[in-house]
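The values are calculated or read from the model by the stated rules, or taken from the named source; none is laboratory data. Keep in mind that what you see is a predicted model, and the values were worked out from it rather than measured. So basically every Cβ, Gly included, is an ideal-geometry build from the backbone, and we count neighbours across all protein chains shown.
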Amino acid sequence: MTLLAAALLGGIGLVCALVLGVAAMTFAVEMDPREKLVLDLLPGANCGACGYAGCAAFAHALLENPETEMVCPAIHENDVKKISEILERKLASLGGMIASVCCKGTVKDVADNYIYEGPLECRAAQLIAGGSKACAYGCLGLGTCEQVCPFDAIHIGEDHLPYVDKEKCTGCGKCVIACPRHIIRLAPFDLPKCEVRCISKDSPKEVKKICSTGCIGCMACEQVCPFNAVTVMKNSAARITHTKCTGCGLCVKVCPVDVIESVIELKKASILKDKCNGCSICSQVCPVDAPKGELKNPYTIDEAKCMGCGICIDKCPKKAIEKRL
Amino acid sequence: MENKLTVSSSPHIHTPEDIPWIMRQVIYALIPGALIGVYFFGIPAIKVILLSVFMCLGVEALTQKLIGKPITIRDGSAAVTGLLLAMNMPSGSAWWLVMLGACIAIILGKQVYGGLGNNPFNPALVARVFLLIAFPVQMTTWPQPRVFPLSLADTTTGATPLGSLKTAIFTYGKIGDSGNIALMDPFLGNIGGSLGEISALALIVGGIYLIMKKIISWHIPVVYVATVFVLTCLFWIINPGMYASPFLHITCGGLMLGAFFMATDMVTSPITNRGKIIFAAGCGIITVVIRLWGGYPEGVSFAILIMNGLVPLINRYTQPIKFGGVK
Amino acid sequence: MKKTFKGGVHLLEENFLVSSKTIVDMPLCPIYVLPVHQHVGTPCKPIVRQGDVVKKGQQIAEPAGYVSVAIHAPTSGKIKEIGPKIHPLTGRKSLSVVIESDGKDEWVDGLPLNRDPFSIGREKLVTMIQSSGIVGLGGATFPTHVKLSPSKEKKIDTLIINGVECDSHVADDHRLMVEHPEAVISGAKVIMSILGLNRSIIAIGKNKPDAIAIIREKVPPEIQLEPLEVKYPQGAERQLIKTLTGRDTPSGGLPMDIGCLVHNAGTCAAIWNAAAYGIPLIERITSVTGHGIVEPKNIRVKIGTLLKDVIEFCGGIKNPAKILFGGPMMGIAQYSLDVPVIKGTSGIVVLTQDEVSKSSYTACIACGRCVDFCPMQLNPSMLSRLGEKSMWEKALNFNLLDCIECGVCSYICPSNRPIKHFIRHLKTLEREAKSLYGK
Amino acid sequence: MHYIVLIIGAALVNNFVFSRFLGICPFLGVSRRTETAIGMGIAVIFVMTLASIVTWVIDYYLLIPFNFVYMRTIVFILVIAALVQLVEMIIQKVSLPLYQALGIYLPLITTNCAVLGVSLLNIQLKYNLLESCIFAIGASLGFTMALIIFSGIREDLDLNDIPEAFQGTPIALITAGILSLAFMGFSGLVK
């Protein structure tokens, strides 16, 4: 009895298998198995930043067209490598990018020209007399970037300015496109160490009039920067060349309107006593007078003063200075 | 200038006919029907109306506070829901039944969807159908109408005209005498039934007021009532022993209340006139199907609720034809 | 049968504030600001330098392309500055020429002249209209000469003079027709001669009986007078053509495609001034009105006059909430009093706190009023809901691009939704996406 | 007339989704867009009808004669699984976008209780082959109708401001519940 039952079940199974087998041949669809593998490695947010209609379309394009570049800004570098292996061709990753907001003007800092009535959407507000904020370059603070972010990585803070969640941001650039004031920029994940939080192109006089934290082009940062990383041009906010910037934070200190911010915490310098010969070079190059001591005797670093710019490390002939862990 | 000017997109002027104005008009239009209910059912009817209206307002305020939205009970939509719910319940309903209904209407029918304008179903109907299915006995215990001074005393209960029809069909297989009631009674309101559905006349007066104020268009009530009339008329001619007169069908069972006040609810009815006609015809057909062959004697609430569910699809396929577009 | 179109709305009429006030000349002001971009199309190029001395009627900026017109000095004086000033339409700073008046108001040599415009010749007239800086004065500011040069394959058979003025409050065309009917009619004749037409219609709203009576008296047989129902937006091109000729302008097409041409009454008068007297467009008639203005007036104002000077001339403002350039339905709200009157400023309306709605908008209740009243038979309800979510791609299926932005939907919406604003938002997104992806 | 009543009964009165609460998973999963809902509906109609015929034949010609009725459920599942595979292949060939849109839900028809339910009900209610077929068509039409109605509502709900806590599945379940209440109005229509 049991045997018969098993046979019956097996028989039905066999028939089904035969039918399916025939069908599989008749209705066979050429599907590259790699497409699924590639698709699984893509972020899957379908944000469209690559220019294709979603991740599946991009995966398809990668396989179909050998000239397709890895244009996905949101993908992790390891995944790019894996995809390169699957496709058996080298793909250059865009590098981890991250959005950064270039405006510091809160409601308190910048006056409004008028009372705005309408949808709480920056792009819509921009249509009405160019936005209510007196500064034509500043953040409108209505949160369009927050709405368009597919990764929930940017949020409007209590001061009505957007803040990027570094953990979540993939640098897909949706907010960059959406922002009508173009105050969001993409930068390589690790590169920026200091940022000028202003992009105003108004004359310094005008900026001073409307914003208490806008860049007034005073050149203090340009003058103080030991690496020539900051440039100030006429009627334009200061800009930092990220490849030159070491993040020493000198400009942050001197800025009279507090518009430059340190993005990363720098490790402070410390002098190895046994290597230091007390040549005093460090105290000569230090922009903040942090190394102390007497000639010929080992120097020490005043931690309260040191900003971690690393100039002394490069200049020390004895390689006696290193970053504190 | 000391004061900042306001800047917004044009137009800069606005019609005074806003939501509170519309809701006020709906309430005015419902008053005749409610008064007839009070006239025939007495003090209990007043109790049900007041309880339902204030409960709806309270629940709306409370839920909005909990969700963290601005409290909008001033727009009057909750009051309209409360009044409609009361008019859809038996006048002798227990206080807890009314309160439960109000909670269902406002919370499940409206606030979980995001409040006024977002609800796909008519809140009052959601509550009524919920109560009807959950508490069939309480929801079909109809006090009999008695003229005002008498109605203060203890009431007797009985069936609605359509209810007796159904019972007759289930018991004897034909409608028999239960179809023979004086048509003036349901027209004026001297029948058993929900608090506000008994008088077709009062409801028509209110409905015409709304049409005149251009708050509702004629399409839904006219097409709805006409569909029910034509279909029931057809079956009445075929077999008068099984099917009741169309006049009975259009005056009884809350059809007028449904056609003028429930189906026409702006939020849950189609947006174009073509859509409204399809919607109303659908309501009519389902109502007739349920009344003639279904288990429930009335069916207006179910019909409107089902058609509410179809509104997004109707809207999609009845877009207006643009100016200069292909006709 | 009543001549009208489908949709539209009766507005609360406020024209009475100024409709019976005679046009008065605005006195000379110390400063005039002339933005170089006062018309639809390419901004023109200043041809004067700071410190130059100019005379009234002298060209100070030349057209920088085909869809572009010249700008002239409204009075004699010195160029004080050429720099960014707040523009009344965009609210942002844009290049403007600032003239400091010398108080003499002297004409440039040779103006005004007196000539027979019909002997000038078509081509020359059209060039003259461009160099006189004439644009559509109804508010759209589309360069008139472009409209007067239809391509060969498009046969124009009907000229429509638009004197409907359907927006509430403003009455500049109304007063113009009452006080200078012959300028409007002669201007229409000039246009007819340019296009070789023998038929034209002048349409006037029935709420202007005095204008209708005067025009009826003066109108020659080849121009037909049509009093029209008072309804907004009766003055919109497509609706006007539909009403008068029964023709439907195709979606995405122009009135030219169906043989019609619509010109504003004010534009006709400006064409006459330029054709007969050689006077470029340096002044226009503007209604300064609204309950927030102390003495509502119709003024003949020089282009470039600052808003604050106009307000001062009209007795100042009381309890203002919004100051509009144009009527309340189409006008653009201003936030500064330092903006100049430009060619398209048909009215200056000051609304008080009581008139401006302060309540914020709520969810769409799908009442369908906007659908019923939309003169283009669109579904503004759906468009506004899509606008709230910035879903412009889906909005294209709901004929987003056919919207003429008349604002009837926003006016009528019981939920007070800024539907027109949502639609403009969607249109901007569509345009930006197009330029981004080059579709 | 009998067959019409059978269809109405299966589609409206005892609607598989609203009244029997079968097939809720694809009902919630594939109802986000009307286009996919229609595609899914057609697939379900096809699978259900075919499955009810095949299972009926197997039941009456294999299981009952050989007295293997106790194996009914497992045999039915096997057959339905094979059928779904077949449909999947066909859809992938015929309409790739539909295949992608249906995604995981297509294989899920395999374990769709609605399909199994229809097969078992056919046997339980002692329908003959034609009746089974009609019943399956009615049931699947009802399922498709429910799916399409629901997708319409859900597409509309996307534009609404639903409180955050209720977004997504919660509001979908509430809506399905209310629709189910409304469809109870048809009860008693067919005995």
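For the structure I just gave you, tell me whether B:ARG316 is out of contact with any strand residue (DSSP E or B) (no Cβ under 8 Å at 6 or more places or on another chain), over 23 Å from D:PHE186 (Cβ atoms) and more than 11 Å from chain D (Cβ to nearest Cβ).
Values: out of contact with any strand residue (DSSP E or B) (no Cβ under 8 Å at 6 or more places or on another chain): yes; over 23 Å from D:PHE186 (Cβ atoms): yes; more than 11 Å from chain D (Cβ to nearest Cβ): no.
When the stated conditions are applied, B:ARG316 does not pass them.
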Test: residue in segment C:300-319 that is within 14 Å of chain B (Cβ to nearest Cβ), crowded, with 24+ Cβ neighbours inside 10 Å, without any contact (Cβ under 8 Å) to a residue 60 or more places away in the chain and touching a strand residue (DSSP E or B) at 6+ places or on another chain (Cβ under 8 Å): no
Within segment C:363-399, tally of residues that are part of a loop (DSSP other than H, G, I, E, B), of a type in the set (S, T, N, Q) and within 27 Å of B:THR264 (Cβ to Cβ): 3
B:LYS276 vs. criteria over 17 Å from B:LEU203 (Cβ atoms), surrounded by fewer than 23 Cβ atoms within 10 Å (Cβ to Cβ) and not aliphatic (A, V, I, L, M): no
Test: residue in segment D:46-55 that is at the interface with chain A (Cβ under 7 Å from one of its Cβ atoms) and part of a helix (DSSP H, G or I): no
Identity of the residue in segment A:105-137, over 29 Å from A:GLU261 (Cβ atoms) and assigned to a helix (DSSP H, G or I), that ends up farthest from the other protein chains (Cβ to nearest Cβ): A:LEU127
Residue match in segment B:89-101 (condition: surrounded by 18 or more Cβ atoms within 10 Å (Cβ to Cβ), of a type in the set (Ser, Thr, Tyr) and within 19 Å of the chain's Cα centre (by Cα)): yes
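Across segment C:342-385, which residue is farthest from the other protein chains (Cβ to nearest Cβ) among those that are aliphatic (A, V, I, L, M) and in contact (Cβ under 8 Å) with a residue 60 or more places away in the chain?
Checking each candidate, the answer is C:ILE342.
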Of the criteria (1) out of contact with any Gly (no Cβ under 7 Å at 6 or more places or on another chain); (2) of a type outside the set (Gly, Ala, Ser); (3) modelled with pLDDT of 90 or more, which one C:ILE271 fails: (1)
Filter result for C:LEU137 (in contact with a Ser or Thr (Cβ under 7 Å, 6 or more places away or on another chain), closer than 28 Å to C:PRO328 by Cα and in contact (Cβ under 8 Å) with a residue 12 or more places away in the chain): yes
Residue that is nearest to the other protein chains (Cβ to nearest Cβ) [pool: residues in segment A:1-52 that are farther than 26 Å from D:ALA51 by Cβ and among the β-branched types (Val, Ile, Thr)]: A:THR2
Residue satisfying all of: in segment C:49-90; within 20 Å of the chain's Cα centre (by Cα) and either outside any loop (DSSP other than H, G, I, E, B) or acidic (Asp, Glu) (or both); surrounded by the most Cβ atoms within 10 Å (Cβ to Cβ) among these: C:ILE71
Condition broken by B:LYS69, with the remaining ones in (1) at negative phi; (2) in contact with a helix residue (DSSP H, G or I) (Cβ under 8 Å, 6 or more places away or on another chain) satisfied: (2)
Residues located in segment C:386-414, provided they are of a type in the set (Asp, Glu) and more than 9 Å from chain B (Cβ to nearest Cβ): C:GLU388, C:GLU393
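Return yes or no: is D:TYR3 assigned to a helix (DSSP H, G or I), over 12 Å from the mean Cα position of the chain (by Cα) and away from chain A (no Cβ under 12 Å)?
So D:TYR3 fits the description; yes.
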Members of segment C:91-131 that are assigned to a strand (DSSP E or B) and closer than 28 Å to A:LYS201 by Cβ: C:LYS93, C:SER94, C:LEU95, C:SER96, C:VAL97, C:VAL98, C:ILE99, C:GLU100
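Conditions tested, residue by residue: (1) over 15 Å from B:ILE306 (Cβ atoms); (2) at pLDDT below 90; (3) more than 7 Å from chain B (Cβ to nearest Cβ).
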residue: D:MET145; (1), (2), (3): no, no, yes
residue: D:GLU155; (1), (2), (3): yes, yes, no
residue: D:ALA165; (1), (2), (3): yes, yes, yes
residue: D:THR169; (1), (2), (3): yes, yes, yes
residue: D:SER180; (1), (2), (3): no, no, yes
Yes/no for B:LEU50 being at pLDDT 90 or above, outside the structural domain of B:GLY258 (by TED's automatic domain parsing) and either in a loop (DSSP other than H, G, I, E, B) or surrounded by 23 or more Cβ atoms within 10 Å (Cβ to Cβ) (or both): no
Test for D:THR175: is it under 20 Å from the mean Cα position of the chain (by Cα) and at pLDDT below 90: no
Residues of segment C:135-146 satisfying the condition of being farther than 17 Å from C:GLY347 by Cα and touching a helix residue (DSSP H, G or I) at 6+ places or on another chain (Cβ under 8 Å): C:PRO143, C:THR144, C:HIS145
Complete set of residues in segment C:278-304 that are closer than 19 Å to C:ILE317 by Cα and of a type in the set (A, V, I, L, M, F, W, C): C:VAL288, C:ILE293, C:VAL294, C:ILE299, C:VAL301
Any hit, segment B:288-306, residues being at the interface with another protein chain (Cβ under 9 Å from one of its Cβ atoms), within 19 Å of C:CYS367 (Cα to Cα), in contact with a helix residue (DSSP H, G or I) (Cβ under 8 Å, 6 or more places away or on another chain) and part of a helix (DSSP H, G or I): yes
In segment B:204-221, the residues that are in a helix (DSSP H, G or I) and touching a residue at least 40 places away in the same chain (Cβ under 8 Å): B:ILE204, B:VAL205, B:GLY206, B:GLY207, B:TYR209, B:LEU210, B:HIS219, B:ILE220, B:PRO221
Yes/no for A:ALA56 being closer than 21 Å to D:VAL84 by Cα, surrounded by 17 or more Cβ atoms within 10 Å (Cβ to Cβ) and without any contact (Cβ under 8 Å) to a residue 24 or more places away in the chain: no
Checklist (1) in contact with a helix residue (DSSP H, G or I) (Cβ under 9 Å, 6 or more places away or on another chain); (2) surrounded by fewer than 24 Cβ atoms within 10 Å (Cβ to Cβ); (3) over 30 Å from B:ASP18 (Cβ atoms) applied to B:VAL137, failing item: (1)
Filter pass, B:ALA86 being under 20 Å from B:GLY189 (Cβ atoms) and within 14 Å of the chain's Cα centre (by Cα): yes
C:ASP109, sole failed condition from (1) more than 29 Å from C:MET192 (Cα to Cα); (2) surrounded by fewer than 16 Cβ atoms within 10 Å (Cβ to Cβ); (3) touching a strand residue (DSSP E or B) at 6+ places or on another chain (Cβ under 9 Å); (4) away from chain A (no Cβ under 14 Å): (3)
